[in-house]
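Engineer: I'd like to ask you about the structure that follows.
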Amino acid sequence: MEREKRTIIVTEIEHWRRSKLLPEQYCDFLLNLYAESADIDVKPDRHCGKQAVLESNALQWVSLFGIVACICYVALHFSSFRPQLQIGLFVFGCVAPYVSAALIRRRKPLAANVSSGLGTALMLIAGPLLLRQMGWQEWVQTALYFSVCSLIWLGAGVGFRMSWLHFCGWLGLIVSYALVLNRLSVPGDWVTLELCWLPLSFLLGWLGWLFSRRAKNAGAVLLVVSCLLWFMPESYALLLTDWSVTAAQMLLLGKLALLGALAFMLRKIWIEWVV
């Protein structure tokens, strides 16, 4: 095919990409067909952002800065609003990023991760501040709030197939469980402390093995969480109790050596599990 015709076709494909007329994968496939590096130097992603800025109109800029101005106004005057309005704005600010992530996660996975990350950060930072402003400062209310948030992150991570959000959900549940355990029933000895955590580690490891056959991402996250729970008794003792630091360190080193040996002997199993 002549050089001029290929150039016209490549330019048209680039236009389809910027206008979202075709998915990114189709555009890349067509570019590989018609663009030959010997004749045409095509860099589709290099000038995409620049072209989008140049082709933007005044309405888009006004909308962008208007949204930023509204967010700044709400943030600066949030404490002066009525409690019902504060709760409504908080719920909307948390739900909207997750809805946006659900809508764009297939076309723009990076933007979906950023959007869900903003919603997660808002729940993690603004939520406790709102609870404190409403007078809910008891540890039970804080633990309950973080448990609910963790369940939301867990469900969103599995539904959106975002491993980091799935992991954050389990991490939040672990922190909530440690808080409840420390407040309600402090283990009296090492055996009791190990029994508070190790069964959960084995349970999540078994669930991860089951999920790995259908959803490897979920199985890999559960494997990581299971390994994290394996070390939680000693971490709990170091952070939340005044028990012997030397004993906790020795147990940590022993568990690390045991986990390393198991990982080596079972490497043919877990490598298929997570990869």
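Read-outs throughout are calculated quantities, based only on the coordinates presented, and are distinct from any laboratory measurement. For clarity, every value in this text was computed on a predicted model and none was experimentally measured. Note that each Cβ is placed from the backbone with ideal geometry, even for glycine, and that neighbours are counted across all protein chains shown.
Engineer: Take each of the peptides 101-112, 116-127, average the number of other beta-carbon atoms within 10 Å over its residues, and list them starting from the highest.
Structural biologist: The most tightly packed comes first, giving 116-127, 101-112.
Engineer: Would you mind putting 180-190, 202-212 in packing order, based on average other-beta-carbon counts within 10 Å, highest first?
Structural biologist: Per-residue Cβ counts within 10 Å, averaged per peptide and sorted highest first, yield 202-212, 180-190.
Engineer: Just to verify a number: FRET efficiency for Ser63 and Leu103, C-beta to C-beta distance, R0 = 22 Å, to 0.05?
Structural biologist: Taking R0 as 22 Å, the efficiency between Ser63 and Leu103 is 0.80.
Engineer: Would you mind classifying segment 220-275 by shape? Square roots of the alpha carbon gyration tensor eigenvalues, ordered a ≥ b ≥ c; an a/c under 1.5 is rounded, otherwise it is prolate if a/b is larger than b/c and oblate if not.
Structural biologist: It is oblate, given that a/c is not under 1.5 and a/b is not larger than b/c.
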